[in-house]
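Data block below; observations after.
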Amino acid sequence: MSALTLHPDRLFPADETTRAIARRLYQEVKDLPIVSPHGHTDPSWFADNELFPNPAELLIKPDHYVFRMLYSLGVPLVDLGIPSKAGLPVEQDPKKIWRLFAKHYYAFRGTPSRMWLDYVFKEVFGFEEILSDKNADAYYERINSALQTEAFRPRALMERYNIEWLATTESPLDDLRHHKKIRESGWKGGVITAYRPDPVVDPDFEGFADNVARLGKITGEDTTNWKGYLAALKNRREYFKSFGATSTDHGHPTAQTSDLSVAECEKLFAKALAGQCSKQEAETFRGQMLTEMAGMSIEDGLVMQIHPGSFRNHNPHVFEKFGRDKGADIPSQTEYVNALKPLLDKYGNDNRLSIILFTLDETVYSRELAPLAGHYPVLKLGPSWWFHDSPEGMRRFREQITETAGFYNTVGFNDDTRAFLSIPARHDVARRMDCNFLARLVAEHRLPEDEAQEVAIDLTYRLVKQAYKLD
Amino acid sequence: MSALTLHPDRLFPADETTRAIARRLYQEVKDLPIVSPHGHTDPSWFADNELFPNPAELLIKPDHYVFRMLYSLGVPLVDLGIPSKAGLPVEQDPKKIWRLFAKHYYAFRGTPSRMWLDYVFKEVFGFEEILSDKNADAYYERINSALQTEAFRPRALMERYNIEWLATTESPLDDLRHHKKIRESGWKGGVITAYRPDPVVDPDFEGFADNVARLGKITGEDTTNWKGYLAALKNRREYFKSFGATSTDHGHPTAQTSDLSVAECEKLFAKALAGQCSKQEAETFRGQMLTEMAGMSIEDGLVMQIHPGSFRNHNPHVFEKFGRDKGADIPSQTEYVNALKPLLDKYGNDNRLSIILFTLDETVYSRELAPLAGHYPVLKLGPSWWFHDSPEGMRRFREQITETAGFYNTVGFNDDTRAFLSIPARHDVARRMDCNFLARLVAEHRLPEDEAQEVAIDLTYRLVKQAYKLD
Amino acid sequence: MSALTLHPDRLFPADETTRAIARRLYQEVKDLPIVSPHGHTDPSWFADNELFPNPAELLIKPDHYVFRMLYSLGVPLVDLGIPSKAGLPVEQDPKKIWRLFAKHYYAFRGTPSRMWLDYVFKEVFGFEEILSDKNADAYYERINSALQTEAFRPRALMERYNIEWLATTESPLDDLRHHKKIRESGWKGGVITAYRPDPVVDPDFEGFADNVARLGKITGEDTTNWKGYLAALKNRREYFKSFGATSTDHGHPTAQTSDLSVAECEKLFAKALAGQCSKQEAETFRGQMLTEMAGMSIEDGLVMQIHPGSFRNHNPHVFEKFGRDKGADIPSQTEYVNALKPLLDKYGNDNRLSIILFTLDETVYSRELAPLAGHYPVLKLGPSWWFHDSPEGMRRFREQITETAGFYNTVGFNDDTRAFLSIPARHDVARRMDCNFLARLVAEHRLPEDEAQEVAIDLTYRLVKQAYKLD
């Protein structure tokens, strides 16, 4: 079995000159606090501060990067203990699940999951050998024991990880009880929420009409009409702000925006509530809501994040048996230049607004996103996302974005993860890849090293806080 | 004139550390047998085992990579001896054709054709100088003489090249007489066929209705109705299997699949036979046939290859005068996420099925193909294909695929060639480029060298045999 | 403040072996004359040969690469002195504008603008420190003084820069008085014009009908009918040729071409003149005009340049207040394989025609443009353009084009600039990046160094003159 090592120069270019520069740049950013302005950790962890359960529960079952790969190789999801909403019997023994994972660990070679997991295994649990079917049980036992110790409680980990800010994501229907509990506990950890209104602005979302009704109930607004509906959404934005929210997040199938008259909005909203929107009307409504949200952001200062382009639940078999978020979301081609125009025509030149754009379609980096962000004052570019949160993905992002939009229309790194343990690993990869890219610019005499050093710190820390208003 | 050398480190990264790793990885794969599971060599070569004719006939006239480049620079196809179906007088003197080729050899600088040809010139024929107009005649004479020797008979070359398996491609209308002759000859060479049903499943194919009628005659099934037509296709699949076929191959304009009711199929099939399909209906029919073929594959175990996205015969002038396959096929944008859904909805989770996807549209590598293959158990990714069967093409493939789909959802290399002499050159380029990519992962401490070594062997040999069921 | 240095090895790969090769290749091309066959400098500069005004007027206000970046960071265009067609009061003090630019100079890190500007600051004005808010005034004063000297008159700069040919771009409505004046002055500088008919062939162009009427007046042809209109366009082509034009240039929203009957053309032309074209009809008309222009090129030998894919004036707020060309043109997806077919079907195999294709959509490099140019004798590929006129953009161009189309279907570099001072900087970047790419091929033993050297000279000089018929 191979030794598990985390080489200090990992992810740096092999060329010695460039590597030495990368090393120096990284030296100045490696210990900066982690600012995680966008992610999906569970706020109850920090509210309740309970011990994590077993290794399978923590490292396999919630990580769709992991189980989608195993599934692609023919491993049934039931064998991995993925809960079946259709009531299929699933594996209950976490040790068996762990062994199955270990047996297929070879399949992650060359993937970021492998890099993140190895980091966790070595840095957090101290393993010296790469995981395989031979050492699966030993791995399981050691992780399982560690998880029972005080040092592995969520708040302790957050402090040990030097996480300055950590944003979770909640629906406007959420009462933020966990965030409330955190506040009331007196704990000083920087856990905040972010406002994700998809369930109440997307007519295709399961239970949309009920969700809107609940929104009315929660806010005391009459959400059966357009005006009351908007008031209710604003009301909840304020509530979220009172729990530290500085941003909203919008996960739409496309980047489409709309700018309809109030009369059209009222009509479309009524149709949406009645469940009578055509596919195209639902799209228009979602697009209108992006524009509405931009208008609210101008008023209340919340930064807008747009995450378009995922074909959710592509596999109906998996969806019926196991539900959402099971690794079956597939990107599709995404257009921005025409799609964003209605919103930009209305608000694109208003310096009070800040919109952070993401994509799963890398073809738009140099063609659409960099030219848009390099012109419009309201637009900034989020980091390489999801399938592109990886060394090569990050490299392509910088190579294709920087020459047109520069570094200062970008916002640093997002880990975007549910996998709490992997947060430092992910930020470390991003820091190393930024230093890698900058080191090449320095080695090729395209940027002086002192300026590259400043950029490295900006990308790691300053720009993140500034873009997400976490100062 | 420059010396013709094949540097032992060619295609390896210049950085010394990385190059040394690449060299070590390559050392372990360079002599592995060639497994060529997808190509277009002529089975009659191996059946009849006759001498090849002159150099122009062997190296220029069948190689559309070569003559398309000359044509793009203004060289008339008639001057290259390309047979004219319109009866134009064409050059008959192979020596003159060879000289014209030699004169334009500079135009191939930086292309894979140059690399393959140089390999053949040096390794197979022992030339010491790069081809040019100055040494054109000497080249011609030496190659011409060699072709008259026993060592250059097809079977001798196949053995010398250490080709373990070589698949040709035939239509269901083919009687496989050459494969039959090979079997009966007692020769042990691993030449097998593959089932390419385009002429009988594509309503736009020249002579479709006649082809289907012939299919009926050959199989004794009534192919005037849907049921008999499917039975006939199955019948031929069995026949192909008896000559070693382990795969089918489908060259469609798009990746569209369909899943119609039997009644709809019957209706559409009747229209297709009557030559009354609209453009859209022909597309739907082809898409339905992919789904039908997937169903048959579940039963008979043939691996399915889908090669979409080529706009065939883009140049009507060339088509009218010279016919198909004259270098005028141009890729076009190809969508997979929606296109494959009908087939995947039906069979995407059935572990008995294996579909190998190819593309000419590299934009889908990271956006569509890797996410699809990294989820669906039935999907694997074929290597970079046709215009992308090149060092940079292979590099982009690995860089954009691996982080999401890993190595183990890919299937090794296909040479896909008619140019028999170039097969070892092509496999050598692929092996070197895989070692190049892996060496970078090792040098950047992203993968331990022992694991990279295992992957290199898997990509060269094990995965190919496994994916194409050639074990 | 950091020292401003132009390292002799800038833009060469860091690896020492490769860098040494790049250095040798560059040595042979760095002093070759500049051939600038496509650009937008003002011919009155060379006609009148007057002194340039202040630094802001020369380096900021005409350079939309510069002010779009500042605008994207929230700097109002009025503060940069950009003239407002809506009559907004704008900053008049060039020194204040310069300071604002200097303060934001950090934002250009990693962009080609930074590289071009640093080159001008160091090579042309001799600065030793990088521009910042601290030395902004000193910069301003020194540049301002230099601009008052004889050495900075346009003709002196053109000679000092060793520019052999410099093409400007004019509308057929232009009387070419500046070019006339240059001719009559007896000055031997190679300033020529190029024929850009957009204002008289695009029904969506502002004032189209008036423009066509003026065209009739200028040429004495009856441009109220199709036949007279074509005659007038031909007439102006001849006039442009008499002032050295060797090319035409076409800036269309898409690459669409059409091939209509004369009757259809007449009808559509009448509609266009009457301002009654639908969006689709305007597109068809522009497409028809590309085909007409190709036909005229076959007769008169002008090389055709097609520059499609820009969504002009995407920001209506900026357009209304500041007009065209204010950094708000955004690329959009561009298709070529189907779009060019009507023109190619008609003229694609006529060796008398030469069409140079450009793109802002890099996804077509390997998928569409290289395969098209690697087959059709009339097609060549223009260099990486506009947002892609940058080190990484040039690298992607060569990596994605060369393996299919080779070097000899490309045409060398275009600077395409209004920023006269930056011309040598831009050509220098292109020469370095070509040597960078070629050095990698040599270092990886993919091309012998003597051939790479020949290619470097071809790309810098010979191919440009040949492609643009400047021999």
Query raised in the report: Under a straight-distance cross-link criterion of Cα-Cα below 19 Å, which aspartates and glutamates are reachable from residue C:188, leaving out those fewer than 8 residues away in the same chain?
Result: C:42, C:48, C:50, C:150, C:159, C:164, C:471
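Need one value for C:446-453: mean number of C-beta atoms belonging to other chains within 10 Å of its residues' C-beta atoms.
5
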Query raised in the report: Between copies, how far does the label point of residue C:351 sit from its twins, in nm, shortest first, when each point is 7 Å from Cα along Cα→Cβ?
Result: 6.2, 6.2
Query - Entries in A:103/B:469; C:122/C:180; A:346/C:95; A:85/A:469; A:279/B:279 that, when Cα-Cα distance is taken, lie over 28 Å - result: C:122/C:180; A:346/C:95; A:85/A:469
Query raised in the report: Between residue B:86 and residue B:149, what FRET efficiency follows from the Cβ-Cβ distance if R0 is 41 Å, with the result rounded to 0.05?
Result: 0.65
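So if R0 is 41 Å, what FRET efficiency would residue B:122 and residue C:352 give, r being the distance between their Cβ atoms, rounded to the nearest 0.05?
0.55
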Report summary line: Per the Kirkwood formula over distinct C-alpha pairs, the hydrodynamic radius of the stretch C:418-471 in angstrom is 12.2
Query raised in the report: What are the semi-axes of the equivalent ellipsoid of the stretch A:126-243, taken as the square roots of 5 times the eigenvalues of the Cα gyration tensor, listed largest first and rounded to whole Å?
Result: 41, 19, 11
Query raised in the report: Which whole number gives the average, over all residues in C:16-27, of C-beta atoms from other chains lying within 10 Å of the residue C-beta?
Result: 2
Report task. Quick one: work out the % antiparallel among DSSP beta bridges in chain B, nearest 5. Result -> 15
Report summary line: For chain A, Rg(Cα) over 2.2 N^0.38 Å is 0.99
Report summary line: Cα-Cα pairs in the stretch C:17-74 separated by more than 18 Å, as a whole percent of all pairs, come to 64
Report task. In whole Å, largest first, what are the principal axis extents of the Cα atoms in the stretch B:155-314? Result -> 51, 35, 29
Requested in this report: Quick one: dipole size for the protein assembly as shown, taken about the Cα centre, charges +1 on Lys/Arg Cβ and -1 on Asp/Glu Cβ, in debye to the nearest 20.
Outcome: 100
Query raised in the report: the stretch A:80-159 to the stretch A:342-378: how many Å between their Cα centroids?
Result: 39
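For the stretch A:350-411, just run the numbers: alpha carbon Rg, then divide by 2.2 N^0.38 Å, N being how many residues it has.
The value comes to 1.03.
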Query raised in the report: Using the Kirkwood formula over every pair of different C-alpha atoms, what hydrodynamic radius in Å results for the stretch A:297-438?
Result: 16.3
Query raised in the report: So for the stretch A:107-184, Kirkwood radius off the Cα pairs, Stokes-Einstein at 25 °C and 0.890 mPa s: how many µm² s⁻¹?
Result: 159
Query raised in the report: Ranked by accessible surface with a 1.4 Å probe, highest first, in what order do B:312, A:431, B:155 come?
Result: B:312, B:155, A:431
Report summary line: Carbon plus sulfur, as percent of the 1.4 Å-probe accessible area of the stretch B:355-418, comes to 46
Query - Shape metrics for the stretch A:360-458, restricted to C-alpha atoms - Rg then Dmax, Å - result: 13.5, 40
Report summary line: For the stretch B:106-203, the percent of accessible surface on carbon and sulfur atoms (probe 1.4 angstrom, ligands and nucleic acids excluded) is 48
Query raised in the report: Summed for both chains, how many Å² of accessible area, to the nearest 100, are buried between B and A with a 1.4 Å probe?
Result: 3900
Report summary line: Over all pairs of different Cα atoms in the stretch B:227-342, the reciprocal of the mean inverse distance gives a Kirkwood radius in Å of 15.8
Report task. Would you kindly find the accessible area of residue C:289, with a 1.4 Å probe and non-protein molecules such as ligands, DNA and RNA excluded, rounding to the nearest 10 Å²? Result -> 0
Report task. May I ask you to give the solvent-accessible area per residue for chain C, in square angstrom, as obtained with a 1.4 angstrom probe? Result -> 34
Requested in this report: Quantify how strongly other chains surround peptide B:4-13 by giving the mean number of their Cβ atoms within 10 Å of each of its Cβ atoms.
Outcome: 3
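Can you give the calculated 222 nm mean residue ellipticity of chain C, where each DSSP H run of n ≥ 4 adds -39,500 (n - 2.57) and the sum is split over every residue, rounded to the nearest 500 deg cm²/dmol?
-13000 deg cm²/dmol
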**Report entry** As computed over the stretch A:1-139, the Cα convex hull volume per residue (Å³)
**Finding:** 160
Query raised in the report: Fully extended, how many nm does the chain gain between residue A:213 and residue A:160 (0.36 nm per residue separation, minus their Cα-Cα distance)?
Result: 14.8 nm
Query - Overall dimensions of the stretch C:40-98 by Cα: Rg and Dmax, Å - result: 12.7, 38
Report task. Could you work out the mean projected area of the convex hull around the alpha carbons of the protein assembly as shown, in square nanometres to one decimal? Result -> 52.0
Report task. Please give the FRET efficiency for residue A:17 paired with residue B:9, using the beta carbon to beta carbon distance and R0 = 22 Å, rounded to the nearest 0.05. Result -> 0.60
Report task. Take peptides A:257-263, A:77-83 and line them up by average Cβ neighbours within 10 Å, highest first, as a rough protection proxy. Result -> A:77-83, A:257-263
Query raised in the report: Quick one: how many Å² of residue C:334 are accessible to a 1.4 Å probe, rounded to 10?
Result: 10
Query raised in the report: Using a 1.4 angstrom probe with every protein chain in place, what is the largest-first accessible-area order of B:427, C:445?
Result: C:445, B:427
Query raised in the report: Using a label point 7 angstrom from Cα along Cα-to-C-beta, what distances in nm, from shortest up, separate residue B:275 from the other copies?
Result: 5.1, 5.1
Query raised in the report: How far apart are the residue B:183 label points across copies, placing each 7 Å from Cα toward Cβ, in nm, shortest first?
Result: 7.9, 7.9
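The values are calculated or read from the model by the stated rules, or taken from the named source; none is laboratory data. This is a predicted model, so every value here is computed, not measured. Here Cβ is always computed from backbone atoms with ideal geometry, including for glycine, and neighbour counts include all displayed protein chains. Accessible surface is based on the protein model in full, side chains and every heavy atom, while ligands, DNA and RNA are left aside. Shrake-Rupley method; radii C 1.70, N 1.55, O 1.52, S 1.80 Å.
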